[in-house]
1. Quantify how much of the Cα-Cα distance distribution of the chain extends past 33 Å, in percent.
2. Return a whole-number percent for the relative contact order of segment 319-376, with Cα pairs under 8 Å and 6 or more residues apart as the contact set.
3. Tell me, how many Å apart are the Cα centres for segment 293-331 and for segment 335-355?
4. Which shape class, rounded, prolate or oblate, goes with segment 311-421 when its Cα gyration tensor gives a ≥ b ≥ c as root eigenvalues, a/c under 1.5 marks rounded, and past that a/b bigger than b/c marks prolate?
5. Can you tell me how segment 73-148 classifies by the Cα gyration tensor, rounded, prolate or oblate, using a/c under 1.5 as the rounded cut?
6. Over segment 231-311, what is the relative contact order in whole percent, taking alpha-carbon pairs under 8 Å and six or more residues apart?
7. Ranking request for peptides 268-276, 54-62: highest mean number of other beta-carbon atoms within 10 Å first, then the rest in descending order.
8. From the P(r) of segment 237-392, can you give the percent of Cα pairs sitting at distances over 18 Å?
Ligand code: SF4
Ligand code: SF4
């Protein structure tokens, strides 16, 4: 295999990796089995934009053979961090961990443009750190959506006055609630709900006595309200007592993906102290990206440091995606009063659920077991949609090319199952991205989180069966 990376004798980069555990990069045997699973390699057909090529670059930096120059940094920045290469790799190379550590080193050691400095300061260090600011941003976006401007821009000739990217970004806007779910429920003990069995026996469902915490995230805390509401009701209906710690913060995934490990460490410590004292059986997430980050907090701390000694193992072991959690209580779910009319629903597997958390079969089994439901995975269900946290904002062209493949797979699946009216995906970032793709291509398909779909199946004549 030929590589055209610039080789430099300078060894500065080697010193930068001194404090980072990076030996796992040696697991890569350069077999190339990961190449065909990589969305950026598929689009760009360039070895530097493949997992193996990026591992060469990272190893070159680690060993001091390469310098932090654009021809090295750019392909690393073009990675979506989707981690499909991890699932494909027979040698167990922890690609995401290596990439995220490398991005941390890059951020700390390369100069940033003024624009980048301001956006990091305002967004990552400002907005995502403050629930109050998130609520304000959510209210402003809600007002903006209610003004009708996004529709005017996307549906009328007015859109032609704006750059194509700006028009597409109108489709990406989240459905903002203008309020914080976390503040609304902060620190209350939300008791289990008494639910009657579906068979009209009058029998109450025998519930589990579990105490779980809900992780609410940052953007999710103030948008797509139905996802948290549905998650909460489903947990309570199978007998969980639910706590929403009011002092929890953003998971830090967006920060880690963009190299800001310092802020992510601060968030990790805050979240540990928000959840650990609550004596919980599990900590539930409904955003695959947040779940993956919460399960890997220990990667943020160098071995031997005081923070690395904190109770990460216990915290991480409690993190579980709501779909995986519910699938463990199928005998209770079966008794809930679900509607049984026929419905075909398409399924998209979020990368950070499937490749990072290695959770794939359980969510599909859970949804397929619903009465009357035929679950159809998209033809390329396991391929990235190009969302990647804020990847769709920082690498918009490549993100859009990856999204177009996803939309083509939706079209293909719809040709075989034209009766499908909706598609489900368990990561809000994927939901925003695919929804934008559906809207901009005028595909009449609703997209929702599986927890919301489950709750919709519990409605009869528009009234929720469960309070
Ligand atoms: S990352 Fe894994 S699959 Fe890819 S080249 Fe290295 S060993 Fe092979
Ligand atoms: S994380 Fe995704 S985009 Fe990055 S190298 Fe691996 S497969 Fe490619």
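What follows draws every value from the coordinates through simple rules; no lab data is involved. Note that the coordinates shown come from a computational prediction; the quantities given were computed from them, not determined experimentally. A quick note on method: Cβ atoms are made from the backbone with ideal geometry, for glycine too, and the neighbour counts reach across all protein chains shown.
1. 38 percent
2. 48 percent
3. After rounding, the separation between the Cα centres reads 25 Å.
4. oblate
5. Note, shape of segment 73-148 comes out prolate.
6. It comes to 27 percent, rounded to a whole number.
7. Listed from highest to lowest mean packing, they are 54-62, 268-276.
8. That fraction is 64 percent.
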